[in-house]
Amino acid sequence: RLEKGLFCFQVEKAALRSDVESIDILALSGPSLGFSPSATFRLSFRLGASTLEPLATSPGADSSTPSAKPQEALVDETSTVRPGEDENELFREVTPSVKRWKEYTPKNLPPEGQAMKLPMALENVQSALARAARNGQTGGVIAARYWAYHAGRIAFFSSQNILAVALNAATLFSSNNKGEAVADEAMGRATRKEAQTSSLLDAPNVESTLIAVSSLLCEAVETFEQDFENIQAGFYKEPWDMEMGLRHRQASLPYIADKARRLLGESTQILSRRRRALPEDRKVWKFSSKFRSADSSASTSSSKGSSLYPEYYQTNFHYQTDGWMSADSAAVYESATESLFFGRQDAMQRGSLVPLSKFVKQTGGKGGRGVSMLEVACGTGRLATFARDNFPAMEVALVDLSPYYLEEARQNHEYWEKARGASLTEELGIGSLGGVSFEQAAAENLPYRDESFDVVTCVYLFHELPPAVRRACSREFARVLKPGGLLVLTDSVQRGDRMRSYDDRLDLFTNLNEPFYKSYVRENLGQIMVEEASLEPVSKHVTSVSKTLAFTKKKASKQKAQEEAQESIEAADIAEP
């Protein structure tokens, strides 16, 4: 509890086991206590007869005496560090994809110090599209189907994106012509004239928009080339919805119309909120005072108004409607994010399957039988359907903090099982699909026993966490992972993963209401996993603006010795004449 500016802890000695000699206290405090955005406190004490005697902090703590360390001190958000480059030396395998995207540029670039012009941008697009067409024509039936499918994805999502920008610009122009103020006086625009001028300046320029679109199209082609190379290399199969073709629900006109309607409406609202950037545009209905639960008084110091949802979670990331807290948000999420990335998000997520595939093929039975996988922050469960389609006998558990996204994930997996279950079990002769379960929980407080899973995956979560919570999640992932198990972490690229000129552009993602993104792109994730969770870095893989890091948990010494002994016996048997 807080008394006169001091944190007060009360320890009931009778409640502790008799063999307890010391205790560690970890507390998380928020802005309400004067720390921004929050602060972590680590304190260690020896248990005396009636007092707690301060100890030197345990390894990995912040100092040798009880002290407070604000979270912003964990990461300097103005630093020019390049962790994406620095972490490479930690991994046993840095795949060719890392060099590929580090050096990636469109075909033509303007002279140094000059901006890209539209004719050159259009020439780059023409070259990229010609390359895609050539790949589809010369790569056989599967290649033709792959490129035709992804051409459709690019066309759908890019057209929705462009249309939303155009509608938002038209609405803005119309409101200005009517003399309506479109900015809030809290932003310092006191007069209608000032509001009009600023809004007109904020309206998109046609040429710059086309140049941006051309850049995204070129990068999409490169991303799909890499994705198809992974398919050819046997890391994973072609996307299951592509394989189903016209039998998949996404090929039906009513389904397409519904997705387009939802996406267009959501995109225009996101653009409007981003343009205004007002405090109320970041709020989520669930966490406003009138909707707070009756037990809000029992909430922890890391929460405001809810003991279940941490404070960092209570914002509408990306300016999306309702944040993570509505069925409508869950229904439009996949389309909205694919629109943002011009249809390449699935391919970027499938980078997770590269280390997963290697591990399951080495340790599992047919179809992944005997392997258990946990996906943390599963969202709509899209990635897990790809994993199950490749390893349908694998046991899968999905965790997310949003009940609405969990329900969307449940429906997506029910559809996958209905569409693919019978054919896969018959094709592989596995008898039945592996089970799937769904749990609502925070990533830093998983509802599972120690050493429960062979694989833990986590996609696009860490950039939405405060620094201290990233570290807590790392320890929690390691806790539930079996010795010898695999952790696959996929998230945004960071400073140093792409060309140096790309680094400063990453900070612009904070304009999409990503409050922790600046600290994320400056964190050495490999180092965090080593220092906080004692995990061993295995491999690094980059796909466009996403990267996949793989780690293993050290095996217990006894288990490792037994395996080495068995390998020696097998080697001796082979050597005998």
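Remark: pairs (first residue in the stretch 495-523, at positive phi; second residue of a type in the set (Lys, Arg) and modelled with pLDDT under 90; Cβ separation under 6 Å; 6+ apart in sequence or on different chains) = ASN513/ARG282.
Rundown of residues vs (1) assigned to a loop (DSSP other than H, G, I, E, B); (2) over 13 Å from the mean Cα position of the chain (by Cα); (3) among the aromatic types (Phe, Trp, Tyr); (4) at pLDDT 95 or above, yes/no style:
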| residue | (1), (2), (3), (4) |
| --- | --- |
| VAL456 | no, yes, no, yes |
| ALA468 | no, yes, no, yes |
| PHE477 | no, yes, yes, yes |
| GLY485 | no, yes, no, yes |
| THR490 | no, no, no, yes |
| PHE509 | no, yes, yes, no |
| ARG522 | yes, yes, no, yes |
| ILE528 | no, yes, no, yes |
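Taking residues in the stretch 524-553 that are open to solvent by less than 20 Å² (accessible area, probe 1.4 Å), and partners anywhere that are in a loop (DSSP other than H, G, I, E, B) and among the small types (Gly, Ala, Ser), not one pair has Cβ atoms closer than 6 Å while being at least 6 places apart or on different chains. Can you pull out the residues in the stretch 500-519 that are out of contact with any helix residue (DSSP H, G or I) (no Cβ under 7 Å at 6 or more places or on another chain) and of a type outside the set (Ser, Thr, Tyr)? Listed by number, the residues that qualify are ARG500, ASP503, ASP504, ARG505, LEU506, LEU508, PRO515. Mind counting the residues in the stretch 142-155 that are basic (Lys, Arg) and surrounded by fewer than 14 Cβ atoms within 10 Å (Cβ to Cβ)? Of the residues in that region, 0 qualify.
Out of curiosity, is ASN168 under 26 Å from TYR104 (Cα atoms), in a helix (DSSP H, G or I) and open to solvent by less than 50 Å² (accessible area, probe 1.4 Å)? No: the conditions fail for ASN168.
Assess whether LEU461 counts as being under 17 Å from the mean Cα position of the chain (by Cα), within 22 Å of ALA347 (Cα to Cα), surrounded by fewer than 22 Cβ atoms within 10 Å (Cβ to Cβ) and touching a residue at least 12 places away in the same chain (Cβ under 8 Å).
Yes, satisfied.
Using the structure shown, decide if GLU407 is of a type in the set (Asp, Glu) and farther than 25 Å from THR548 by Cα. The answer is yes for GLU407. Could you please find all residues in the stretch 92-129 being of a type in the set (A, V, I, L, M, F, W, C), modelled with pLDDT of 90 or more and open to solvent by 50 Å² or more (accessible area, probe 1.4 Å)? The answer is VAL94, MET120, LEU122, LEU129. Selection of first residues in the stretch 439-455 that are closer than 27 Å to LYS361 by Cβ and of second residues that are outside any strand (DSSP E or B) and of a type in the set (Lys, Arg), restricted to Cβ pairs under 7 Å at least 6 apart or on distinct chains, gives the following pairs, ordered by first then second residue: ASP450/ARG479. Taking the stretch 124-163 as the range and being free of Cβ contacts under 8 Å to residues at least 40 places away in the same chain and touching a helix residue (DSSP H, G or I) at 6+ places or on another chain (Cβ under 6 Å) as the test, the residues that pass are GLY136, ALA144.
Among the residues of the stretch 187-231, just one is in a helix (DSSP H, G or I), open to solvent by 20 Å² or more (accessible area, probe 1.4 Å), among the small types (Gly, Ala, Ser) and at pLDDT below 65, namely SER198. The requirement of being assigned to a loop (DSSP other than H, G, I, E, B) and over 22 Å from the mean Cα position of the chain (by Cα) is satisfied by GLY234. Which ones in the stretch 132-141 are surrounded by 15 or more Cβ atoms within 10 Å (Cβ to Cβ) and of a type outside the set (S, T, N, Q)? If the condition is that a residue be surrounded by 15 or more Cβ atoms within 10 Å (Cβ to Cβ) and of a type outside the set (S, T, N, Q), then ALA132, GLY136, GLY139 are the ones that fit. Applying the criterion of being modelled with pLDDT under 95 and among the hydroxyl-bearing types (Ser, Thr, Tyr) to the residues of the stretch 492-507, the residue that is most open to solvent (accessible area, probe 1.4 Å) is SER501. When restricted to residues that are within 16 Å of the chain's Cα centre (by Cα) and farther than 29 Å from SER357 by Cα, the stretch 492-507 contains 1.
Within the stretch 327-386, the set of residues being of a type in the set (Ser, Thr, Tyr) and under 27 Å from SER402 (Cβ atoms) comprises SER329, TYR333, SER335, THR337, SER339, SER352, SER372, THR380, THR385. In the stretch 164-176, the residues that are more than 14 Å from GLY265 (Cα to Cα) form Cβ pairs under 8 Å with partners that are modelled with pLDDT of 75 or more and in a helix (DSSP H, G or I), at six or more places apart or across chains, as follows: LEU172/ARG275. Scanning the stretch 477-486 turns up no residue that is open to solvent by 10 Å² or more (accessible area, probe 1.4 Å) and under 30 Å from PRO279 (Cα atoms).
Can you tell me which residue is most open to solvent (accessible area, probe 1.4 Å) among those in the stretch 246-286 that are touching a residue at least 12 places away in the same chain (Cβ under 8 Å) and farther than 30 Å from ALA166 by Cα? Restricting to residues being touching a residue at least 12 places away in the same chain (Cβ under 8 Å) and farther than 30 Å from ALA166 by Cα, the top hit is ARG247. Only residues that are closer than 16 Å to LEU216 by Cα and not in a loop (DSSP other than H, G, I, E, B) were counted across the stretch 94-112, and they come to 1. The lone criterion from (1) among the β-branched types (Val, Ile, Thr); (2) over 13 Å from LEU549 (Cα atoms); (3) crowded, with 17+ Cβ neighbours inside 10 Å left unmet by THR80 is number (3).
Selection over the stretch 364-409 of residues that are touching a strand residue (DSSP E or B) at 6+ places or on another chain (Cβ under 9 Å), open to solvent by less than 20 Å² (accessible area, probe 1.4 Å) and assigned to a helix (DSSP H, G or I) gives a count of 7.
The values are calculated or read from the model by the stated rules, or taken from the named source; none is laboratory data. In this text, all values refer to a predicted model and were calculated from it rather than measured experimentally. Glycine also receives a Cβ, built like all others from the backbone with ideal geometry; neighbour counts cover every protein chain displayed. Please note that ligands, DNA and RNA were not included when accessible areas were found on the heavy atoms of the full protein model with its side chains. Shrake-Rupley method; radii C 1.70, N 1.55, O 1.52, S 1.80 Å.
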